[in-house]
Amino acid sequence: MLFDPFQSDVSRSIWESKYRYRHGEETVDRTIQDTWLRVAQGIASVEKHDRSDWAGRFLHILTGFRFLPGGRILAGTGVPHDVTLFNCFVMGAVEDSLDAIFDALKEGALTMQQGGGVGYDFSNLRPKGAPAQRVGNIASGPVSFMRIWDAMCDTLLSVGARRGAMMASLRCDHPDIEAFIDAKRQPGELRHFNLSVQVSDDFMRAVEEGDEWPLVFPVREPHEDRDANGRTVMRLWSNRQQAEPCRIHRTLKARDLWDRIMHATYAYAEPGVLFIDPINRKNNLAYRERITTTNPCGEIPLPAYGACDLGSVNLTQFVKQPFTAEAELDFEAIDETVEVAVRFLDNVIDLSRFPLEAQRRQALGTRRIGLGITGLADALIMQGLRYGDVTARQQAVEVMEHVCHTAYRTSIGLAQEKGAFALFESSDYLQSPFIGSLPDDIQAGIEKYGIRNSHLIAIAPAGTISLLANNVSSGLEPVFDFEYQRKVLQPDGEYLTYELTDYAWRLWQTLNPGMPRPDTFVDINRLSPEDHLRMQAAVQPYVDNAISKTINIPADYPFDAFKSLYQRAHTLGLKGCTTFRPNPVTGEILSSEQDASRCCDIEREAD
C-alpha cells in the first residue's frame, strides 16, 4: 500500500482544488506524487544539460513537502494553460490621465487573469478636488479610482477557489492621504485590496519632533505652481528619477497624521506601513531603480513591472529526533535543499509565461527570486524551544543565516555556469548595504563571477502551501491555534468547514499518546506583540527582499503601546509593519466571516 502524504482532509482538499491538474474531464495528476513529478520535470526542462538528473533532484526536494514552491508554480508548471508561474508583481505607474488609468487597469486585469497578485502605487493621481485643466473637470482622487480596480477584481475572480489579491499604497505626503487611511472603515469597502502608507524617514522625524507636515502634489498645470502663500517644495515623486516642484496644498501636524494612521490600523487593521526609505536604501539595485510599493502581502518590494517567484523551505521536515533532548535541525540537509531550490526558482524565470512584455523584461533583467522558510514555529516546538524566547530567536537567526548565505553562494555558482543577471553592474551592486553585510567570500565571489539573481531571500506568508503540507505553521508566524475550525473556499464558490490540527501537535500526539502539551506549545494568545516584533527584527538582516509578518494584537491592548510598536519597527530597521487586532469591522483573525480576510489569509495571498 502506498504511503499517503496527506494527514488531514484540508490538505487533500487544498491539493485537489488548487494544484491537482485536470485536463477537461481527464484527471492527469492521480496522486500528489504525480503533481511533484509534473513540476520537477517541467522546471528541469529549461536545463541545457543533465535534465533527468535535475528533474530527480527537484523531485527529491518536493517529495514529502521539504520544499514548497509558490502556488502558481505548483498549479501552472507543465500544463497548457496561458498562466504565469509568478505570484508577485508590481504594476507600472498609474499616470494622471484617464487614458493612462484605464490602460493600467487593463494591464492589472491581464496579470490577475493569469494568476498573479499585483501591487500599485496610486500617488501619481491628483488629489480630489484638484482641477483637470485640459477638460475643465475636477479630479475625483486616488481612492475613487481604486474602487474601479476593486470592481474589476471582483468581476474577474468572482467564482473559483482563488480570490484576487492587490496592494495599494499612497505616499504619506499626498493630499488625499487621510481619505486613503480611512478608505476601509466600512466593512466590504475595497475588500480585494491591502492598503499601506508609504512612510518616509522625514515623516518619522517630523512625528518624533512634533513638526508640521506639508501635503503636496507635483505641479501639473502652469497656474498650480504655488499655494495660496506662494510656496512650493522639491520632492522626488513616486516613480520619477529626479526631484520636481510640488505645490503645498495644506499642512498639518505630523503627529496628528501618524495618530490617524495608527487609530485606523488599531480599529480595523489597515492600513499597514511601508518604510519606503529603508526599502530603497537596502535595495541591491538601488543604483538603477526606485521602489514605491510591494506585492500584495508585502514581502517583495518591486519597481514598476517588477516580478518575483517564491518558494519556502519547510523546516518541520529537517528536525532530527523531534521532542527529545537530542532534537536539532539538520543544517546540512537544509543547505542542500536551498542549493537545489535556488536553481529551481531561477529556472522558473526562464520557463514562465508573463502577462506583459514589460514584466518579462524586468524578470529576465534582474532574475529576482524569493526563497524563504515556513514551519518555523512548529520546528521550534519540536526542538523544545518556545517562540518568543531568546533561544528561539537565535535558532531562527541561525536558520536564516544558513538559507541566505547558501542561497547567495549558489547564485554565484549559477552565474559561473549560466551568466549573471542581465542588469548586473559589479561595482554598483557591491556598494549595496545588504551585500556589504555578507561574508567576505560571498562578496569576493560576486566581484569575480557576478551573481545570477539580484535578490534571493523573502519570507512569504505561505498560508496555502503550509496548509497543503499538513498544516505546518505558516512562514515566520507562531502557531495560530493547535485545534480549530476553518472555512475554506471551494472551486464552486462555496465554503466547507474543516477541523484543523497543527502539525507539531499531531506529531506529539502520535509520539506521546495521552501526554499533555508541554509549555513550549505556545500559540498567538500566549505571545506578546513585542515577541512578534523581535522575531521579525531578528531575521531581517538576512532578508534582501522583505518579510510578510502579521503582529497579532489583543483586543484590549492599549493604543499608546500599539502606536509605539510601529515606531519601534522603524527604529529596528524593518521594511514594513502589519498588525491585526480583532475589531468590529474585520472580525476575528481566521474567522469564518469572509470580509475578515486580511493580508496573509490564504484567499488573499494569490496562492
(request) Six or more apart or on different chains, Cβ under 7 Å: which pairs go from a residue in segment 478-495 that's without any contact (Cβ under 8 Å) to a residue 12 or more places away in the chain to one that's surrounded by 16 or more Cβ atoms within 10 Å (Cβ to Cβ)? Could you list them? (result) none
(request) Give segment 357-399 a look and list any residue that's crowded, with 19+ Cβ neighbours inside 10 Å and under 19 Å from residue 308 (Cα atoms), or say none. (result) 359, 362, 363, 366, 367, 368, 369, 370, 371, 372, 373, 374
(message) One residue is enough: does segment 442-458 have a residue meeting the conditions of a type in the set (S, T, N, Q), more than 25 Å from the chain's Cα centre (by Cα), surrounded by fewer than 19 Cβ atoms within 10 Å (Cβ to Cβ) and under 30 Å from residue 575 (Cβ atoms)?
(response) yes
(request) Can you work out which of the residues in segment 240-289 that are hydroxyl-bearing (Ser, Thr, Tyr) and not in a strand (DSSP E or B) is surrounded by the fewest Cβ atoms within 10 Å (Cβ to Cβ)? (result) 287
(request) Would you mind finding the one in 563, 575 that is at pLDDT 95 or above, within 21 Å of residue 258 (Cα to Cα) and of a type in the set (Lys, Arg)? (result) 575
(request) Among the residues of segment 416-437, write down those that are more than 20 Å from residue 278 (Cβ to Cβ) and either at pLDDT below 95 or within 26 Å of the chain's Cα centre (by Cα) (or both). (result) 420, 421, 422, 423, 424
(message) Conditions first: (1) buried (at least 24 other Cβ atoms within 10 Å of the Cβ); (2) modelled with pLDDT under 95; (3) more than 26 Å from residue 343 (Cβ to Cβ); (4) not charged (D, E, K, R). Residue 91 passes all but one, so which condition is the exception?
(response) (2)
(message) Just to confirm my filter: which helices (runs of 4 or more DSSP H) fall fully inside segment 426-498 and include at least 1 residues that are touching a Ser or Thr at 6+ places or on another chain (Cβ under 6 Å) and of a type in the set (Ser, Thr, Tyr)?
(response) 463-468
(request) Among the residues of segment 400-425, count how many are in contact with a Gly (Cβ under 7 Å, 6 or more places away or on another chain) and surrounded by fewer than 16 Cβ atoms within 10 Å (Cβ to Cβ). (result) 1
(request) Quickly run through segment 109-143 and pick out the residues that are assigned to a helix (DSSP H, G or I), in contact with a strand residue (DSSP E or B) (Cβ under 7 Å, 6 or more places away or on another chain) and modelled with pLDDT under 95. (result) 111, 112
(request) Give me the pairs, please: first residue somewhere in segment 520-546 and crowded, with 22+ Cβ neighbours inside 10 Å, second residue anywhere and among the polar types (S, T, N, Q) and not in a loop (DSSP other than H, G, I, E, B), beta-carbon distance under 6 Å, and either six or more positions apart or on two chains. (result) 524/552
(request) Filter segment 548-561 for residues that are surrounded by fewer than 19 Cβ atoms within 10 Å (Cβ to Cβ) and either aromatic (Phe, Trp, Tyr) or in contact (Cβ under 8 Å) with a residue 60 or more places away in the chain (or both) and give the result. (result) 557, 559
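The values are calculated or read from the model by the stated rules, or taken from the named source; none is laboratory data. Everything numeric here is computed off the predicted structure, so don't read it as measured data. Cβ atoms come from the backbone with ideal geometry, glycine included; neighbour counts cover every protein chain shown.
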